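Peer 1: Before I ask anything, let me first share the structure, which is written out below as structure tokens.
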Amino acid sequence: VLVFTHADADHTALLQTLGARYPGIPVVGCSTAGAYSSDGGFSEDSVVVTLMQSDRISFAAGLARGAGDRPEQAVKDAIAQASGSLTGPARVCLFFPDPRAASTDAVLTLLGEALPADCPVLGAAAARLGTSEAAPVQLSGTEAVRDAVPVLLLGGQVQCAFSVCNSWQPIGSL
């Protein structure tokens, strides 16, 4: 289960409800500055829950704290925790960093070194709406945390294609 919500939400109640509704299914995500779906459009005060299921793909979550103080160990622990429940090697890694606690680039590099070479790391940084007083949070299992490495690994017969563009950089001419 992927969860994206606002920083002011009652994360504990949300995660407990999801855990009770979908026992045994890994839950990961983060707070955002706004979430969207094709059904509900964009909203700054919303919750988007995405449930994935497959007979050919396995899903396993890992969480390790202390990304700011000990990023190498946190990455190693999160990957080991998730890999222990994964069927086969990791094919895709979803990661939701806390950019206030640790260098996202450094943690991404460490994830790349810890995972198979053909395993892309994708995700989004935990954030908050600019008017919110609440700090961004990372979500994993039944916990809302900060300064952690929450990951969701996908294994099995996964096909993944992605593209990343930065809107602030021109990609062509008119």
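The values are calculated or read from the model by the stated rules, or taken from the named source; none is laboratory data. The structure presented is a predicted model; accordingly, all values stated were derived computationally and were not measured. Please note: Cβ atoms are built from the backbone with ideal geometry, for glycine as well, and neighbour counts cover all protein chains shown. Surface accessibility is based on the protein's heavy atoms, side chains included, excluding ligands, DNA and RNA. Shrake-Rupley method; radii C 1.70, N 1.55, O 1.52, S 1.80 Å.
Peer 1: Would you kindly state the longest site-free stretch of the chain, with sites defined as chymotrypsin sites (Phe, Trp or Tyr not before Pro) in a DSSP loop (not H, G, I, E, B) surrounded by at most 11 other Cβ atoms within 10 Å?
Peer 2: On the way: sites that count: Phe162, Trp168.
For chymotrypsin sites (Phe, Trp or Tyr not before Pro) (loop position, at most 11 other Cβ atoms within 10 Å), the longest site-free span of the chain is 1-161.
Peer 1: Now for a different question. Between Ser85 and Ser163, take the C-beta separation as r, use R0 = 25 Å, and let me know the FRET efficiency to the nearest 0.05. Don't jump to the answer; show the numbers that get you there.
Peer 2: On the way: r = 29 Å, r/R0 = 1.17.
Efficiency, from the Cβ-Cβ distance: 0.30.
Peer 1: Residue farthest toward the positive end of the dipole of the stretch 74-174, with Cβ of Lys/Arg at +1 and Asp/Glu at -1: which of Ala161, Thr87, Ala126?
Peer 2: Ala161
Peer 1: If you don't mind, another one. Mind checking the dipole of the stretch 72-174: about its Cα centre, +1 per Lys or Arg Cβ, -1 per Asp or Glu Cβ, Debye to the nearest 20? Present the calculation step by step, with values, prior to reporting the outcome.
Peer 2: Values: 5 positive and 9 negative charges, 41 e Å.
Roughly 200 debye, rounded to the nearest 20.
Peer 1: Let me ask something else about it. Pick from Arg128, Arg56, Arg91 the residue whose mean-square fluctuation is largest in a GNM of the chain, springs joining Cα atoms under 10 Å.
Peer 2: Arg56
Peer 1: Right, something else. Please work out which option in (1) 1.02; (2) 0.96; (3) 1.27 gives Rg/Rh (Cα atoms, Kirkwood Rh) calculated from these coordinates, and answer with its label.
Peer 2: Matching the structure shown: (2).
Peer 1: What percent do you get for the relative contact order of the chain when only Cα pairs under 8 Å and 6+ apart count?
Peer 2: On the way: 377 pairs, mean separation 54.9, N = 174.
It rounds to 32 percent for the chain.
Peer 1: If you put +1 on each Lys and Arg Cβ and -1 on each Asp and Glu Cβ, how big is the dipole of the chain around its Cα centre, in Debye rounded to 20? Could you put the intermediate results ahead of the total?
Peer 2: Numbers: 9 positive and 16 negative charges, 67 e Å.
My answer is approximately 320 debye.
Peer 1: Return the whole-Å distance between the Cα centroid of the stretch 115-147 and the Cα centroid of the stretch 1-43.
Peer 2: Centre-to-centre distance over Cα atoms comes out at 12 Å.
Peer 1: Tell me, what is the per residue accessible area of the stretch 1-70 in Å², probe radius 1.4 Å?
Peer 2: On the way: 3910 Å² over 70 residues.
About 56 Å² of surface per residue is accessible.
Peer 1: Let me ask something else. Answer with one residue from Val137, Leu51, Ala106: the one whose Cα lies farthest towards the positive end of the charge dipole of the chain, charges on Cβ with Lys, Arg +1 and Asp, Glu -1.
Peer 2: Highest projection toward the positive end goes to Leu51.
Peer 1: Another question, if that's okay. Roll a 1.4 Å probe over the protein chains and send me the accessible area per residue for the stretch 91-167 in Å². Walk me through the numbers before you get to the answer.
Peer 2: Details: 3870 Å² over 77 residues.
Ligands and nucleic acids excluded, the figure is 50 Å² per residue.
Peer 1: Highest GNM mean-square fluctuation, the chain, Cα pairs closer than 10 Å: which of Gln53, Gln81, Gln73?
Peer 2: Gln53
Peer 1: Beta carbons within 10 angstrom, averaged per residue: use that to sort the peptides 18-29, 133-144, highest first.
Peer 2: Values: 18-29: 16.2, 133-144: 19.1.
Highest mean packing first, the order is 133-144, 18-29.
Peer 1: Highest mean first, what order results for 5-17, 109-121 on Cβ atoms within 10 Å?
Peer 2: Numbers: 5-17: 16.9, 109-121: 15.4.
Descending mean neighbour count gives 5-17, 109-121.
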